[in-house]
Each structure stands twice: as structure tokens, then as C-alpha cells.
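K.L.:
Please read through the structure below; I'll follow up with questions.
The values are calculated or read from the model by the stated rules, or taken from the named source; none is laboratory data. All values derive from a computational prediction rather than experimental measurement. So basically every Cβ, Gly included, is an ideal-geometry build from the backbone, and we count neighbours across all protein chains shown. Remember, those area values only see protein heavy atoms, side chains included, never the ligands or the DNA or RNA. Shrake-Rupley method; radii C 1.70, N 1.55, O 1.52, S 1.80 Å.
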Amino acid sequence: MDWRNTMLRRTRTAKVYTEPATDDESDDMTSNQKDDSEELEEWLPNSNEGKPKGRRQRGTDETAEKKKVTKRVAKPKEPKPKEPKAKAERKPRAARVPKAKKEKTSTEQQIEDVVPPKLESQQHVKIKEERLSMNLSSNNAAVPGDMPDECPSSSQDFPKVKKEEPDDSFTFEEPAQKKQKTTNAAQGRPIKLKSGSSCVEDLQMNWDPIQVLAVKTGVEQWVCANIVQLFQEENTIPFMVRYRKELINHMDADAVRDVQLTLEELRSVAKKTKSVAQTLKKDGVLTSELEAALKNCTTADEIDHVYSPYKKGSKLSKARRAKELGLEPVAQALLQTPQTLDLHSSIQPNTKGLSTLDEVATGVQEILADMIAKDKETLTYVQSLCERSAVTIHSSVSKTALKEQQPQEGNQKSKPKDIAKFSLYTDFTCDVKRIHHHQTLAINRGENLKILTVKVNIPDWVKNDFCRWCVSVRWRPQGFTRPELMTVLKNATEDSYKRFILPFLSRGYRSKLTSSAEKESIAMFVRNLRQRLLMCPVRGRVIMGVDPGFHHGCKIAVLSPTSQILQTDVVYLHGHAKHKEAEKLRHLMFKHSCQTIVIGNGKACRETEAFFTDLIKQHFFKPLDVSYCITDEAGASIYSVSPEAVKEMPDMDPNLRSAVSIGRRVQDPLAELIKIDPKHIGIGTYQ
């Protein structure tokens, strides 16, 4: 203990500069003291607050000395350190300070939380006990003479104090953390709805409804399953978008609505399949193969394709006639056991359709063509071929329109005008992937008017590849086949493509283009309507609404800033008494202090605009600063005779009601236009 007391005395005398030290000790202690003082001043402002950098008072040192001595006596024994080795170990530790910065953030935070701005004597003692215990637990024992008086040593405690900036602090590159979550899902990772039973089992189809729904909408399967179950639980779209974001993968309302519409289409397909199967069952023509073909259909066009030969009123198909003659087993034998098949054995000279070998071969060919056209895998393959090819749509003038154009007499004069309207589409060709929506609607309109003829052109290589695939892969006979039987199979494949598959593909392309164009036209109508309803209103002005006209005059309505009707009148601005009508207008405008004129864009709009422009140039309304604008009056005449207008303005002429509506469209477009049926506002394409 003598050497320990000696070292403590040397440390105290070195700090207060009262006793001289040896040369080595004085150099080491002076350098360590400077480092400690500078680093502690930088990283521990609270502990050094109010204390000078230089010498401390002797009374304070003596008090700390007593405390230090008491603590050091109570501590366990330490191995005798060698002073040269300890001094050599202290120098490289200053260089390890940056490495310590990246460690022990939590310890430093705990020390900061414990130390208040103004330290009391008891808190000093507690902090020193913690730091001394940490020093003793380190691998390299510290030199007793290096123990500070009130501040931590720079070798052990300094990295903790200097590590004041936590690694997980706020950075400007990352957004602020979100508030507490209301679900059990991990942040940014949607969860799957727990469901034991399928919600679309009632469809009873051969395909998975969720998988087909995901393919048609481009949404993940688990999201589609969650949306379907949420709809089954009678949840609304606003509820799902606002409170079930994790279940629907944070989709917006429009995307969820598209999934809902597609689901309704699939349900309607399943319902139609069931009704068609019941009809065929009543007719006695429903077979297991036909029922499977119906249940494989995913669109209404595919159902029509399968059901069209069996519709009432339609001619008996060639395949059905051949089946009634008993040639269906022969067609099955051609595919399964062609090596033992002999068409001559099916010849019946007294039976129509079986009297010759050619008739038997033709009947087998019709049955095979019908089987190929109704096979789901075959249709999928030919559709994949078309997706990789350049399919085009072509429109031209119909023969009916050309015949009606030739006489040029009487009522036939209107037909050339109709053809002139479709001059852009009399010889029009475009790829189905690049055609615009308005072009599709125009072609459909011309076709409905019997002015245009529309055709879908599929490249010839699709047919060649399809026939080769059918003969060599899908419908390949299971065994050796004689050349005459292979000829029957090839003819059946080509006939199936020409009579069944090609019209089916054309109908599919036309229906897809029409459906897409109709959706886009509705979306365009919504955008235009939104822009129209959200136009900036003109507030705080007295407005004069003008419904222009020639023979019946211009209808005038003066409206207050709150859209109240102040006065109405009819003036004839395009007659012989222009000056008298102008004086009447000036009297109205002075009477109600009206400075804004709103003119409808109907008949006589430009003439009325020129009339008011001349009066404003002549300063006819001085001292009033009069200005005018032109607004769309679409739907004003329909609104003027509607029940809403009669209820709002019961004792007013319908012509004057339209003037009131024109003025209010500028004062508050939203409040006025919602009274009119959207289809009468005059916006959109082919609305």
C-alpha cells in the first residue's frame, strides 16, 4: 500500500502543481492532463460547467482526495503494474478513439441521462464509482497514478463520453418514421387474409377463378383472393382502401373497382355457362365433352363459340349430321388406332352421306374439325401465335353504301354525306396494338350505319404453323397412319381454322378493341367533366347572363353576387332599333351596377359579341368598367324545361331560365352544372 499512496500523492501534486515530479512522470502527466482537459471541455460541458481550465482550489482537491483514498482502499487487490509498460500502453489508446466512437452508444446515452446540468456531490460519487469499475474490468489495468480527481480518464471513459451522436439518429436522406401501426403486418410488407374457405366455389368451373382474375387484372393472386373475400363479407371499396390497405397491397380505389368489375364478368360467365348447359340438357344434346368445353370457357365469346352450333333456329351443323350417321367412333379411331381403321367398312350405299368413300371421309373430317375448334389447348396455342404476329384491322366502304350512292336522286342525297364523314376510314389499315380508341369507335359507328366493312387480317404463317402443330403434336394419331387418313386429318385442321377458329379470333379482337375504347371514352368523359365542374368561379360580382338569338331576341338575366335573380328582359340587338336596345341595356347595368357580361356560345353568339365589343370601345357604359366572356351553354335549353328548373323558377319563361343558367355557370359552375344530366353537358368523345 506504500507504493499506492505514493503514486496518489504524485498524481495530486502534478495536477495542482504543488510538488515537483520526475522528468518522465511530469511529461506523461502533463500531456495526459492537457488531453483530458481539452477533450472533457469539448464533450462534457455540463460536468465542467463553471470550472476554470487551470489550477483548482486546494480545498476542493483535499475533499476529493479524501473521497478517492476511501474508495481505493475498498477495492480488490490488483497486480502490481509496471510503470514503463503502463506508460507505453497509454500512448496508442489515444489513437484508438475513433474506433471507440463506433461502439457503445447505449452506455453513453445512459450516462447522459443520469448526469443533470448541475452535478451535486453525491452524483459525482456515483458516476466515479461506475467509471472506476469499468476501468478495472478492462483487459489492460490502468495505472493508479492516472486516476483523475473528478473527471473520467481519457483512456477508458473518454470514448463513451465523446460518442454522443447516436448512429440511429435522424438523417435528412431518410423519411421520418411512421406512427404506431394498427395492424400486425410488418412495415411495408402486406399480409395475407386468413381464410379457410374459398369465396368463389359457387362458380363450379374447370378453371381457378382467382388465377384467371389475377391474369385478367394483372394483380397478384393473394391480393385478388383477399379482395374477393372482402367483397363477400360485404365490405365497401372506401372501407377497403382506407382501413384494409395491407390486405389489398395498398391499391387505389380505381384498381380495386377494376378487380370488382372483372370478378362480376367471371361470375356472369359462370352463370351463362350454367344456363347454356341446362338448355342443352333439355334438348338432349349435352355430352360430357360438351359440358367440359363449356366449363373451360372464360369469356362470353368462348361460350358463344361453343354454343353456336346448338342454338335453336340454326341449321344442323355438319358435325352433328355426321355424328347422327354414326361416324363419331370412326373419327375417334383415326386418332387412337389409325393402323386398324378402314373407311370402306363405313360405306352404306343406300344412306345419304355414307354412300361413297368421299362422303364418309368428309363426315369424319367435319367431326374432327369440330373437335379441334372446341379444344381449349388448341385455342390457347393459336391465340399465343396471334400475340406474336402483326394482326391488323382493315375498313373499307361497304357494297351497300356504294349501291345507294350511284342513283343520286331524291332521298339518296344524304348517303354521300354520310360516306364523306367517314372518308378517313374508307381504306384504313392499322395494327390492332396501335389503333387509337377514337378510331375504333368511328369504325364501329360506320359499320353500324352499314357504310363501312371491317375485317381482321391475321398473317398466313399463323395458319401454317397452327396446322403443322395440330397434325404433329396435339392431334397426332397414336400409331402408323396411312396417307389417305393423314390427308383427312390435314383437311380437317385447315377447315377448322377457316370456318371456326378464324372467326372466333376476329370476334375476340373486335370485342377487346371495343371494350378498351369504351373504357377510355368513359375515362376521357370523367376527366373533362371534372375539369369543367372544378372551373374557378367568379365571386362577388353582379353578372348579366345573355342567351343570344336572332328572331326571338337575346334573353337577359341580371344576377346578384349570390346568384339571386334581380331582373330579366328580352332585347333585340340585331334588329333595326339597336340604339334603343343599347339604351335599355345601359339602364339595366347602371341600375344594378353590373360590370360583367356572360354570353352563351349558341346561335348569334359572334354577332352579339361584336355588338357588345363596339359598345365597350365607345365607352358607352362609362363610368362602369364593363367586360364580357363567352361560356358554353350546352344543356341550358334542356335544363330550362326540366322539373328542377320549373321547381326553382316556377313563374318564369323557359327562354329566360336558360339566360339565368348561363349566368350562374360563371358564378358557380359546380352548383349549376350538377343540375344537368352529364350526357347533355357536351363533353367527351362518342359519349
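K.L.:
Might you tell me the accessible area per residue for region 206-354, computed with a 1.4 Å probe and given in Å²?
P.N.:
Using a 1.4 Å probe on heavy atoms only, each residue of region 206-354 averages 56 Å².
K.L.:
Let me ask something else about it. Do any trypsin sites (Lys or Arg not before Pro) in region 306-355 lie in a loop, going by DSSP, with at most 15 other beta-carbon atoms within 10 Å of their beta carbon, and if so which?
P.N.:
Values: sites: 311, 312, 315, 318, 320, 321, 323, 352; in loops: 311, 312, 315, 352.
Qualifying residues, ordered by number: 311, 312, 315, 352.
K.L.:
Here's a follow-up. So, counting K/R as plus one and D/E as minus one, what does the shell of residues with Cβ under 13 Å around residue 604 add up to?
P.N.:
Charge balance in the 13 Å sphere: -1.
K.L.:
Have a look at 623, 587, 573 and report the one farthest towards the positive end of the charge dipole of region 538-687, computed about the Cα centre with Cβ charges (Lys/Arg +1, Asp/Glu -1).
P.N.:
My answer, from the dipole projection, is 623.
K.L.:
How about region 461-497: which chymotrypsin sites (Phe, Trp or Tyr not before Pro) there are in a DSSP loop, with at most 14 other Cβ atoms within 10 Å of their Cβ?
P.N.:
480
K.L.:
Within the set 399/421; 374/450; 450/519, which residue pairs have Cα atoms separated by over 26 Å?
P.N.:
With Cα atoms farther than 26 Å apart: 374/450.
K.L.:
At 7 Å along the Cα-to-beta-carbon direction for both residue 211 and residue 332, put a label point, then send me their distance in nm to one decimal.
P.N.:
Using points 7 Å along Cα→Cβ, the separation is 2.8 nm.
K.L.:
Run the accessible area of region 525-647 with a 1.4 Å probe and give the carbon-and-sulfur part as a rounded percent.
P.N.:
The computed percentage sits at 54.
K.L.:
Can you list the chymotrypsin sites (Phe, Trp or Tyr not before Pro) in region 576-666 that are in a DSSP coil and have 16 or fewer other beta carbons within 10 angstrom?
P.N.:
620
K.L.:
Let me ask you something else. Hey, what did region 370-479 get for relative contact order, percent, Cα under 8 Å, at least 6 apart?
P.N.:
Computed value for region 370-479: 40 percent relative contact order.
K.L.:
For region 561-655, report the accessible area per residue in Å² (1.4 Å probe, heavy atoms, rounded to an integer).
P.N.:
With the other protein chains kept in place, region 561-655 gives 59 Å² per residue.
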